[in-house]
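Have a look at the structure below before the remarks.
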Amino acid sequence: MNPAAEHLAQGQALEARGTPESLAAALQCFDRALAMLRPVARASEPESVRNLAVAWMNRGNVLQKLATPAALADAVAAYDEAIVLLQPIATVANLPAANSLGAAWLNRGHALQSQEPPAHVEALRSYRAAIDILGQFPPGTDRSVTLNLAGAWMNLANALLFPSAPDAPAARTAALTALALVVAQSETDAVAADLTLKSLRVQCDALGHLLVAAESDITTVRTFAQEAGDAADQGLALVRQWEARGFRHFRHLAARFHHFGAQLYLVHQPHFLAEFLLEPIDPEKGPGAITDEPALHTFAVEYATRALEALRATSLQGLTDYDRGRLVEASQELQSALARLPSLRP
């Protein structure tokens, strides 16, 4: 291994530790690698140019993790350096360079979106540039290309829900596009699982906006509510599959699906609420139950209690016999869930 590669490898190992001290040390390693790679990069040797660009990208990645305002600005500058280097060599015939260029645009967008306030318009432009580059390759060409492309679509979806001007239809479409790229590998590939779960989360967020906008259109509301419920259920089921193997890294996303789904089911399908509240924490629902997370249990108890009170306060006047029966059934199931929950306390 040449000295520059050694510095890069050492920097990546330090970056993986994730402490402020190790990140600062990683930055020094990447700066030493850059100092060695600059003089030997030649336009006539595309791989030497790509190596220099990758070093800039490593610098940008560690600066993103430092996450101070100055570090985030420097991260964007590092990705800009990488993009300038990669653009002349990132052809369809040079997949590694094209993949690196797509990743540089993707990470640039993420750094811009992490700023306070977020550089929203420029982040969107960066994600779309990544999609244009990575989308040139047929599906399945390369795992890294597929994951980066899915990441670009997922981050684009998230950025499209920026509070000042959310575009929920476009965000939903982008999230579904990301899902189509990675969901088939999500049960065996942890990175694909992470992207699948994050795409499902953005899909849920987009559908939340769409449900509010379609409030008076009963048919559309039912369609979106069904899709949102399916997405939340799918997310929790995937988390449980990984939990069953001892993989705990997705618990924060389980909490997001749990909260979103509970609100959704109370409003749109209360007869499913009790079962959903128990889904991530009850071993009787199958392997992978999260039995040692007090926050999930506390939420289930508090939400089941509030939901039962809300259903009991609902007037039955004007309801059909069918709807009245469903409300009564939902109340009974919540009572059963509340009776079950004490035995599930961590």
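So, of the residues in the range 40-97 that are charged (D, E, K, R) and touching a helix residue (DSSP H, G or I) at 6+ places or on another chain (Cβ under 9 Å), which turns out to be surrounded by the fewest Cβ atoms within 10 Å (Cβ to Cβ)?
Within the range 40-97, the subset charged (D, E, K, R) is 42, 45, 47, 50, 59, 65, 74, 80-81.
Next, only the ones that are touching a helix residue (DSSP H, G or I) at 6+ places or on another chain (Cβ under 9 Å) stay: 42, 47, 50, 59, 65, 74, 80-81.
Details: Arg42: 11, Glu47: 13, Arg50: 22, Arg59: 25, Lys65: 15, Asp74: 18, Asp80: 14, Glu81: 18.
Of everything passing the filter in the range 40-97, Arg42 is surrounded by the fewest Cβ atoms within 10 Å (Cβ to Cβ).
Of the residues Ser100, Ser126, only one is in contact (Cβ under 8 Å) with a residue 12 or more places away in the chain and either in a loop (DSSP other than H, G, I, E, B) or within 28 Å of Thr19 (Cβ to Cβ) (or both); which?
On the way: Ser126 fails: either in a loop (DSSP other than H, G, I, E, B) or within 28 Å of Thr19 (Cβ to Cβ) (or both).
Being in contact (Cβ under 8 Å) with a residue 12 or more places away in the chain and either in a loop (DSSP other than H, G, I, E, B) or within 28 Å of Thr19 (Cβ to Cβ) (or both) holds for just one of Ser100, Ser126, which is Ser100.
When you scan the range 282-299, how many residues do you find that are more than 14 Å from His252 (Cα to Cα), among the β-branched types (Val, Ile, Thr) and assigned to a loop (DSSP other than H, G, I, E, B)?
Selection size over the range 282-299: 1.
Pairs needed: first member in the range 274-298, farther than 15 Å from Arg340 by Cβ; second member anywhere, modelled with pLDDT under 95; C-beta distance under 6 Å; at least 6 residues apart or different chains.
Asp292/Pro346; Pro294/Pro346
Could you list, in sequence order, the residues of the range 158-177 that are over 19 Å from Ser114 (Cβ atoms) and either surrounded by fewer than 23 Cβ atoms within 10 Å (Cβ to Cβ) or touching a Ser or Thr at 6+ places or on another chain (Cβ under 8 Å) (or both)?
Asp167, Ala168, Pro169, Ala170, Thr173, Ala175, Leu176, Thr177
Sort through Ala214, Ala152, Ala193 and tell me the only one that's more than 20 Å from Ala104 (Cα to Cα), touching a helix residue (DSSP H, G or I) at 6+ places or on another chain (Cβ under 7 Å) and touching a residue at least 12 places away in the same chain (Cβ under 8 Å). Show your work before the answer.
On the way: Ala214 fails: touching a residue at least 12 places away in the same chain (Cβ under 8 Å); Ala152 fails: more than 20 Å from Ala104 (Cα to Cα).
Result of the check over Ala214, Ala152, Ala193: Ala193.
So in the range 11-27, with the set limited to residues that are part of a helix (DSSP H, G or I), surrounded by fewer than 14 Cβ atoms within 10 Å (Cβ to Cβ) and not hydrophobic (A, V, I, L, M, F, W, C), which one is farthest from the chain's Cα centre (by Cα)? Please lay out each step first, then the result.
Step one: of the range 11-27, the residues part of a helix (DSSP H, G or I) are 11-17, 20-27.
Of the ones still in play, those that are also surrounded by fewer than 14 Cβ atoms within 10 Å (Cβ to Cβ) are 13, 16-17, 20-21, 24.
In the following step, the residues that additionally are not hydrophobic (A, V, I, L, M, F, W, C) were identified as 17, 20-21.
Values: Arg17: 22, Pro20: 24, Glu21: 27 Å.
Taking the candidates together, the pick is Glu21.
Check off (1) under 24 Å from Ile83 (Cα atoms); (2) in a helix (DSSP H, G or I) for Pro138 and give me the number that stays unchecked.
Evaluating Pro138 over (1) under 24 Å from Ile83 (Cα atoms); (2) in a helix (DSSP H, G or I) leaves (2) as the failure.
Please specify each residue of the range 249-273 satisfying the condition of being surrounded by fewer than 19 Cβ atoms within 10 Å (Cβ to Cβ) and either among the hydrophobic types (A, V, I, L, M, F, W, C) or without any contact (Cβ under 8 Å) to a residue 12 or more places away in the chain (or both).
His252, Ala255, Gln263, Val267, Phe272 - these are the residues of the range 249-273 that are surrounded by fewer than 19 Cβ atoms within 10 Å (Cβ to Cβ) and either among the hydrophobic types (A, V, I, L, M, F, W, C) or without any contact (Cβ under 8 Å) to a residue 12 or more places away in the chain (or both).
Which members of the range 17-48 meet the condition of being aliphatic (A, V, I, L, M) and over 20 Å from Ala82 (Cβ atoms)?
If we filter the range 17-48 for residues that are aliphatic (A, V, I, L, M), which is where we start, we get 23-27, 33-37, 40-41, 43.
Result: Ala24, Ala25.
The values are calculated or read from the model by the stated rules, or taken from the named source; none is laboratory data. Here the structure is a predicted model, which means the values were calculated and not measured. Every residue, glycine among them, receives a Cβ derived from its backbone with ideal geometry; neighbour counts consider all protein chains shown.
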